[in-house]
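Peer 1: Take this structure, written in structure tokens, and hold onto it; I'll ask about it next.
The values are calculated or read from the model by the stated rules, or taken from the named source; none is laboratory data. What you are looking at is a predicted structure, and each value in this text was computed from that prediction instead of being measured. Note that we place each Cβ from the backbone using ideal geometry, even for glycine, and neighbour counts take in every protein chain shown. Heads up: the accessible areas ignore ligands, DNA and RNA and are worked out on the full protein's heavy atoms, side chains in. Shrake-Rupley method; radii C 1.70, N 1.55, O 1.52, S 1.80 Å.
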Amino acid sequence: LKMNIEMLKTTAWVNLFGLLKIPLILFISPRVIRLDEKVCEIKVPLNYRTKNHLGSMYFGALAIGADLSGALIGMKEIQKSKKKVSLVFKDMRGNFLKRATEDIIFYCDQVAEVKNLVAEAIEKKERVEMEIPITAKMAKSGDLAAEFVLTLSLKARE
């Protein structure tokens, strides 16, 4: 997959955020494949940093990929709004369907919904929440490796 300049910039921004705030994000070397009005796609490579003892992707790396594919939409929207909004995930459910034996692409198609939630948090100035489904597919075969549901929780700060 070829990344355009905008996705390279977004990947650099994610990695800088990882370096400054959450080093584990930087450690797994995620790449933003797509971020537009419909979908956010994050690729996490299967390598010595992300493999478990069985040679498949470690649960923690899968969790980071799922987190990032859901959070990036909100993070960029918050940045655009120039408002202070806290973004966290309240909970996470995962269904692991197949061993992740190659690079994984995490898909979140809730872009419009997350943008609306950010606007709602800013307007209401109280905590708002929404469940976000994320799918994790193997990059080459396209096989579904896992499905996640994360509860995004936002609150505007003064």
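Peer 1: Among the numbered criteria (1) within 22 Å of Asn15 (Cβ to Cβ); (2) surrounded by 15 or more Cβ atoms within 10 Å (Cβ to Cβ), which single criterion is violated by Lys155?
Peer 2: (1)
Peer 1: Then there is this: Could you list all residues from the stretch 75-133 that are among the aliphatic types (A, V, I, L, M) and either open to solvent by 40 Å² or more (accessible area, probe 1.4 Å) or without any contact (Cβ under 8 Å) to a residue 40 or more places away in the chain (or both)?
Peer 2: Leu87, Val88, Met92, Leu97, Ala112, Ala119, Ala121, Val128, Met130, listed by residue number.
Peer 1: Moving on. Filter the stretch 39-79 down to the residues that are assigned to a strand (DSSP E or B) and out of contact with any Leu (no Cβ under 6 Å at 6 or more places or on another chain) and list them by number.
Peer 2: If the condition is that a residue be assigned to a strand (DSSP E or B) and out of contact with any Leu (no Cβ under 6 Å at 6 or more places or on another chain), then Glu41, Lys43, Val44, Lys51 are the ones that fit.
Peer 1: Does the stretch 10-30 hold any residues that are open to solvent by 90 Å² or more (accessible area, probe 1.4 Å) and not in a helix (DSSP H, G or I), and which are they?
Peer 2: Once the filter is applied, which keeps residues that are open to solvent by 90 Å² or more (accessible area, probe 1.4 Å) and not in a helix (DSSP H, G or I), the stretch 10-30 yields only Lys21.
Peer 1: For the stretch 129-146, name all the residues that are more than 13 Å from Lys43 (Cα to Cα) and either of a type in the set (Ser, Thr, Tyr) or assigned to a loop (DSSP other than H, G, I, E, B) (or both).
Peer 2: Passing the criteria: Ser141, Asp143.
Peer 1: Pairs under 8 Å by beta carbon, first residue within 29 Å of Gln79 (Cα to Cα) in the stretch 136-155, partner open to solvent by 60 Å² or more (accessible area, probe 1.4 Å) and polar (S, T, N, Q), six or more apart or different chains?
Peer 2: Glu147/Asn95; Phe148/Asn95
Peer 1: For Ile42, are the conditions met, namely being in contact (Cβ under 8 Å) with a residue 40 or more places away in the chain, more than 18 Å from Leu144 (Cβ to Cβ), touching a Gly at 6+ places or on another chain (Cβ under 9 Å) and open to solvent by less than 30 Å² (accessible area, probe 1.4 Å)? So that I can check it myself, show each step before the final result.
Peer 2: Working: in contact (Cβ under 8 Å) with a residue 40 or more places away in the chain: yes; more than 18 Å from Leu144 (Cβ to Cβ): no; touching a Gly at 6+ places or on another chain (Cβ under 9 Å): yes; open to solvent by less than 30 Å² (accessible area, probe 1.4 Å): yes.
In short, no.
Peer 1: For Ile73, which of the numbered conditions (1) within 23 Å of Lys140 (Cα to Cα); (2) within 11 Å of the chain's Cα centre (by Cα) fails to hold?
Peer 2: Of everything listed in (1) within 23 Å of Lys140 (Cα to Cα); (2) within 11 Å of the chain's Cα centre (by Cα), Ile73 misses just condition (1).
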